[in-house]
Amino acid sequence: MKTVKWSFGTGHDFFLDNPRAMIDVLDPDFVPFSNLSKEIIFTRKNVIFLKCPAHTDFLKNTYIFKSPIDINFEIDVVEQGESRVFCENISQEIFDHIVDLRFLTDNERGITPYPVIGIDFLNTLRCNESLSMQVFPAFMHYNDFTSKATIIPGEFDISKWTRPVELVFEVKNKKEKFSIKKGDALSYFKFNSDDHIKLEKEKIPWEDIKICNDLRSSNLFRPLKERYEAFKKFKDEQKNR
């Protein structure tokens, strides 16, 4: 069995020297992760693909990340770079804190028919042993969000790099309305290991997050292998001081 340490925070100031996590807007008793295999067995009883080892092996050690709050989105993105994004059911303060519109700015949007938006639901997962983690769209769940948006996938070794995973997604139309309900499946987190994975909550590891963010900011878009090496070197130097 491998233990994965998990922590959750929110907000654009996550990487600052004195960050704050807006946990007070969330229900502290809400558990945003659940086992995908168990849920699929419950919702698709006796379906023949549940007996297929290619399917069951693929879903092994995969967890559903579910929204901790309700958010209603209305977006309108025009060709000239003008973007309008509204969330009528949350306050302006919360909107400014958790809705990330930097991907719609001219220097990041590129040329694409699909607007990209982020929500600062920031999951940080760590492991003491080498463990590759993948993030996928919630492709076996059907709700207003999954029908109108697609999570940007990714993968990295959570023993070698400590960085929160932001909920970043493409919206399938430039003008769209969709609602995220508390408990809606938003994305999947898959841990690539034959061992059983146990999630264990911890405090947000601010120190390692800050180190990795500084290393990333000093040399953007370097290969993961180089980032892993830089983080290890920094940690080793800390130990030897």
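Key figures for this structure:
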{"item": "Glu200, sole failed condition from (1) farther than 29 Å from Phe73 by Cα; (2) surrounded by 14 or more Cβ atoms within 10 Å (Cβ to Cβ)", "result": "(2)"}
{"item": "Any pair with Cβ under 7 angstrom, 6 or more apart, that starts in segment 177-192 at a residue that is modelled with pLDDT of 95 or more and among the β-branched types (Val, Ile, Thr) and ends at one that is surrounded by 20 or more Cβ atoms within 10 Å (Cβ to Cβ) and not in a strand (DSSP E or B)", "result": "Ile180/Ser67; Ile180/Phe145"}
{"item": "Elements of type strands (runs of 3 or more DSSP E) in segment 165-206, at least 3 residues being touching a Pro at 6+ places or on another chain (Cβ under 9 Å)", "result": "165-171, 185-192"}
{"item": "Residues of segment 61-111 satisfying the condition of being of a type in the set (Gly, Ala, Ser) and either closer than 17 Å to Val165 by Cα or touching a Phe, Trp or Tyr at 6+ places or on another chain (Cβ under 6 Å) (or both)", "result": "Ser67"}
{"item": "Unmet criterion (only one of (1) of a type in the set (Lys, Arg); (2) within 18 Å of Lys160 (Cβ to Cβ); (3) under 20 Å from the mean Cα position of the chain (by Cα)) for Lys181", "result": "(2)"}
{"item": "Cβ pairs under 6 Å, 6+ apart, first in segment 226-241 and surrounded by 12 or more Cβ atoms within 10 Å (Cβ to Cβ), second not hydrophobic (A, V, I, L, M, F, W, C)", "result": "Tyr228/Lys160"}
{"item": "Enumeration of residues in segment 33-58 that are of a type in the set (Gly, Ala, Ser) and without any contact (Cβ under 8 Å) to a residue 24 or more places away in the chain", "result": "Ala54"}
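The values are calculated or read from the model by the stated rules, or taken from the named source; none is laboratory data. In this text, all values refer to a predicted model and were calculated from it rather than measured experimentally. FYI the Cβ positions are ideal-geometry reconstructions off the backbone, even for glycines, and counts take in every protein chain you see.
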